[in-house]
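Readers should treat all values here as calculations from the given coordinates under stated rules, not as data from a laboratory. No experiment lies behind these values; they were computed from the predicted model shown. A quick note on method: Cβ atoms are made from the backbone with ideal geometry, for glycine too, and the neighbour counts reach across all protein chains shown.
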Amino acid sequence: MTKGRVNSNVVGVSTDDISEYLRFAESLVRQVGKELLSRFRTDLTVDDKSLGHGFDPVTDVDKKVERVMRDAIARQYPAHGIVGEEYGDRAGNGLTWIIDPIDGTRAFMTGMLHWGTLLGLSEGTRPIIGTMYQPFADELFWGNSTEAGYRHGKEQTTLHTRRCRELADAVMGTTGPEFYRGTTERGGLQRLRDQVLFTRFGGDCYVFAMVAMGQLDIGLEASLKPCDIQPMIPIIEGAGGVVTTWEGGDANQGGRVVAAGDPELHAEAVEVLRGALE
């Protein structure tokens, strides 16, 4: 990266700052990855956070790893805020770390591989860096909204989304139909499924990672939390993709989110989804 200032979306944060924050984030997700591997495919303590609305699992490992991450951030950047999946928010100076210790807890607790640790940093409400790490596969995805990359062992590559302008040619991914709980959400999913080439179910954070890598054309979800999406936004945007709500607005707060590798395809998808919202 060159020195100076990054794009105008990141006021007051230099490219040197961005590089430092990315190095810290990569180091931290790799550190906690060792703990996650030691507990993967072992007996877990699982609680249900859903309060009777479906099933929203959290394991003892989620809680332990988030605590480790929060403590590390507080030591390194005591003025920064923290938003976590399991322990809530800590106010800061306008720079806020976003933590999801295990995105894809259902996959983790069933021994499957579609899960990862998410760690991002936002300035105000705008995500400026994001990392996703899957320790079993040793896959790291990173981005800063202007560039994105992938590391696997000694392999290091730049991420680029793929061009796909027509819905009829697009491959779509989503975690599962059970997360489309309302009539509007189910209608939006079906409208796109009827028009794309095919839909792949299962994936959690990997859906968005594969959009950034150019393996999927569309990533669609209907019930995301901010911690689920904010760290992934700089990765997708840095690779050339677009991420918004179904209405085409800011996706930072989660909810109904659509990502696409091709901006023209994204516009088509939003038009279809808006039809379900009317």
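A few remarks follow.
- Whole-Hz ³J(HN,Hα) from phi, Karplus 6.51 cos²θ - 1.76 cosθ + 1.60, for region 229-235, glycine and proline x: 10, 4, x, 7, 4, x, 5
- Annotation: amide H of Gly81 within the under-5 Å range of Gly92, Asn93, Gly94, Leu95, Thr96, Trp97, sequence separation 5 or more or interchain, hydrogens built in the peptide plane.
- Straight-line cross-link reach from Lys49 at under 23 Å between alpha-carbon atoms covers these lysines, not counting any fewer than eight positions away in the same chain: Lys63, Lys64, Lys225.
- Region 105-176: GluC sites (Glu not before Pro) in DSSP loop, at most 14 other beta carbons within 10 Å: Glu166
- A simple spin-label model places the labels of Leu44 and Leu113 1.7 nm from each other, with each point 7 Å out along Cα-to-Cβ.
- Rounded to the nearest 500, the helix-only mean residue ellipticity at 222 nm of the chain stands at -10000 deg cm²/dmol, with each DSSP H run of n ≥ 4 adding -39,500 (n - 2.57).
- Rounded to the nearest whole Hz, the Karplus-based 3J(HN,Hα) values (6.51 cos²θ - 1.76 cosθ + 1.60, θ = phi - 60°) of region 255-265 follow the sequence x, 8, 10, 10, 10, 9, x, 10, x, 5, 5, with x at glycine and proline.
- Straight-line cross-link partners of Lys154 among the aspartates and glutamates, defined as a Cα under 18 Å from its Cα and at least 8 positions apart when in the same chain: Glu26, Asp138, Glu139.
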